[in-house]
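Read the structure below first, then the notes.
The values are calculated or read from the model by the stated rules, or taken from the named source; none is laboratory data. Keep in mind that this is a model prediction, so the values were computed, not measured. Backbone-built Cβ (ideal geometry, glycine too); neighbour counts: all protein chains shown. Areas reflect the complete protein model, heavy atoms only, side chains present, ligands, DNA and RNA absent. Shrake-Rupley method; radii C 1.70, N 1.55, O 1.52, S 1.80 Å.
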Amino acid sequence: MRRDLPMLVDYVLIPALNLLLAFLVGAIVLALIGVSPVAALGTLLDGAFGSLDGLGYTLYYATTFIFTGLAVAIPYQAGLFNIGGEGQAMLGGLGVTLVCQAMGGYSLWLVLPLAIVAAVTFGAAWAAVPAILQVKRGSHIVITTIMFNFLAAAFMTYLLIDALRAPGDPSPETGAFPASTALPYAHEWAARLGLAMEESPLNLSFLVALAAAFLVWLFIRRSLLGYEIRATGLNPSAATYAAIPVGRVTVLAVCLGGACAGLVGINEVMGVLHRLVLGFTAGAGIVGIAVALMGRNHPFGIVLAAILFGALYQGGAELAFDYPQVTRDIIVVMDGLVILFCGALENMLRVPVTRAWARWRTVPA
């Protein structure tokens with residue numbers, strides 16, 4: 001049925017309607033706990049976009065979600081569901097850490113490219129094992145990537161307790177990186193240009209995320225390998241008949257997804273924390289699934305969906321601060337409603353919208 005709808009309806013109207021449903025159900029939840037839905041929406045929007053620091057936090061969260069959304073979208077083009085972005089991001093952070101610890105004192109513009117290479121390499125390497133198991137042993141990619149999330153968490157726990165923890169520090173984290181490896185914040189760049197901007201964790205990695213989204217679009221839509229990935233996802237049997245190496249394409253797609261997830265380490269580890277901290281991903285890999293689904297696995301849509309979820313994270317924090325009734329659990333419910341309607345139930349409105357569109361087209365002018 002998707003081909004019966006124009007792109008604007010399929011990629012804009014249906015996600016917008018799903019989002020509206022999520023907000024309507026969320027409004028009912030807020031009303032039940034004694035909070036005005038209209039006032040709450042105003043607080044959420046003001047917290048996310050009403051100030052430069054709020055906007056900075058929104059885009060900071062969005063940066064991570066762009067990376068994890070792309071980690072899902074690329075394998076999805078090949079018919080694969082990579083839900084291992086959480087673990088792949090952890091390993092990407094490890095790669096960034098090793099570079100930053102080894103390159104202290106060198107110019108940031110030398111460290112940053114090496115850190116990006118390390119992040120994508122570690123993330124891709126962690127994704128390669130489930131991909132190879134899928135091709136060689138028939139292991140389901142969903143099961144293996146779930147398992148590798150837990151393996152990554154256990155591996156990072158071991159490293160940050162027994163191997164990389166700073167001497168004398170009881171916390172499971174490394175020592176601080178040399179100052180020369182820290183990414184510049186947006187407010188620092190603004191100050192250099194003579195502009196006043198409130199402090200926020202938004203940093204240079206936001207531009208890296210936008211560049212990654214553009215490169216993924218270019219690769220998927222304008223390259224031979226991208227065509228092979230899409231052909232494999234649409235019909236593996238036909239792709240095999242057309243001499244496309246489906247096994248190699250499968251491994252490539254999953255590894256590219258892992259590479260994008262690994263870039264989370266640039267934003268979180270190199271851009272904000274300036275050290276490797278246990279659990280720094282904080283569930284971003286799971287949010288990336290909803291971001292990819294809501295963005296229809298298109299890089300441009302993923303950027304917009306990531307900004308939406310960034311706004312929900314930042315605006316939700318402001319909402320909890322202003323309204324004592326809105327606990328952290330309520331915020332999780334609100335986020336879950338968006339994930340439910342825009343992710344799991346993304347096709348719920350497709351049939352009625354398609355029928356309405358068909359009737360509208362048959363109405364005589």
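Going by average Cβ density within 10 Å per residue, which order do the peptides 92-99, 180-187 take, highest to lowest?
The most tightly packed comes first, giving 92-99, 180-187.
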Inset, instruction - Quote the accessible area belonging to residue 307 in square angstrom, nearest 10, computed with a 1.4 Å probe and with ligands, DNA and RNA left uncounted. - result: 40 Å²
Legend entry - Spread of Cα-to-Cα distances over 5 Å intervals beginning at zero, given as percent, for segment 236-365: 2, 8, 11, 14, 15, 15, 12, 9, 6, 4, 2, 1, 0
Inset, instruction - Find how much the distance from residue 188 to residue 53 grows on full extension, using 0.36 nm per residue of separation minus their present alpha carbon separation; answer in nm with one decimal. - result: 47.3 nm
Inset, instruction - Return the calculated 222 nm mean residue ellipticity for the chain, to the nearest 500 deg cm²/dmol, obtained by summing -39500 (n - 2.57) across DSSP H runs with n ≥ 4 and dividing by the residue count. - result: -22000 deg cm²/dmol
Inset, instruction - For the chain, with a Gaussian network of springs between Cα atoms less than 10 Å apart, report the residue from 232, 145, 327 with the top mean-square fluctuation. - result: 327
Inset, instruction - Given the options 152, 261, 238, state which has the largest fluctuation in a GNM of the chain using a 10 Å cut-off (strictly under) for Cα springs. - result: 238
Legend entry - Simple spin-label estimate for residue 347 and residue 223 in nanometres, 7 Å along Cα-Cβ: 2.9 nm
Inset, instruction - Of the options 358, 334, 344, report the single residue whose Cα projects farthest towards the positive end of the charge dipole of segment 306-365 (beta-carbon charges: Lys, Arg +1; Asp, Glu -1). - result: 358
Legend entry - Spin-label pair residue 9/residue 286, simplified geometry with 7 Å Cα→Cβ offset, distance in nm: 3.6 nm
Inset, instruction - Work out the FRET efficiency for residue 140 and residue 169 from their Cβ-Cβ distance, taking R0 = 35 Å, and round it to the nearest 0.05. - result: 0.30
Legend entry - Nearest-20 debye value, the chain charge dipole, Cβ charges on Lys, Arg, Asp, Glu: 1560 debye
Inset, instruction - Name all residues of segment 108-145 having a backbone nitrogen under 13 Å from the label point set 7 Å from the Cα of residue 81 along its Cα→Cβ direction, giving them as ranges. - result: 140-145
Inset, instruction - Run the quick spin-label model on residue 147 and residue 360: label points 7 Å from Cα toward the beta carbon, then report their separation in nm to one decimal. - result: 4.8 nm
Inset, instruction - For segment 106-219, just the Cα set please: Rg and Dmax, both in angstrom. - result: 18.8, 59
Inset, instruction - Give me the percent of the accessible area of the chain that comes from carbon and sulfur atoms, probe 1.4 Å, all protein chains in place. - result: 69 percent
Inset, instruction - Could you state the accessible area per residue of segment 270-362 in Å², with a 1.4 Å probe and every protein chain left in place? - result: 45 Å²
Inset, instruction - Could you calculate the FRET efficiency of residue 162 with residue 240 from 1/(1 + (r/R0)^6), where r is the beta carbon distance between them and R0 is 30 Å, rounded to 0.05? - result: 0.05
Inset, instruction - For segment 158-251, report the accessible area per residue in Å² (1.4 Å probe, heavy atoms, rounded to an integer). - result: 57 Å²
Legend entry - Given charges at Cβ of Lys, Arg, Asp, Glu: the chain dipole, positive-most of 42, 185, 233: 233
Inset, instruction - Compute the Rg/Rh shape ratio of the chain: radius of gyration over Kirkwood radius, all on alpha-carbon atoms. - result: 0.99
Legend entry - Under Karplus coefficients 6.51, -1.76 and 1.60, residue-wise ³J(HN,Hα) of segment 314-325 in Hz, glycine/proline x: 6, x, x, 5, 5, 5, 5, 6, 7, 10, x, 5
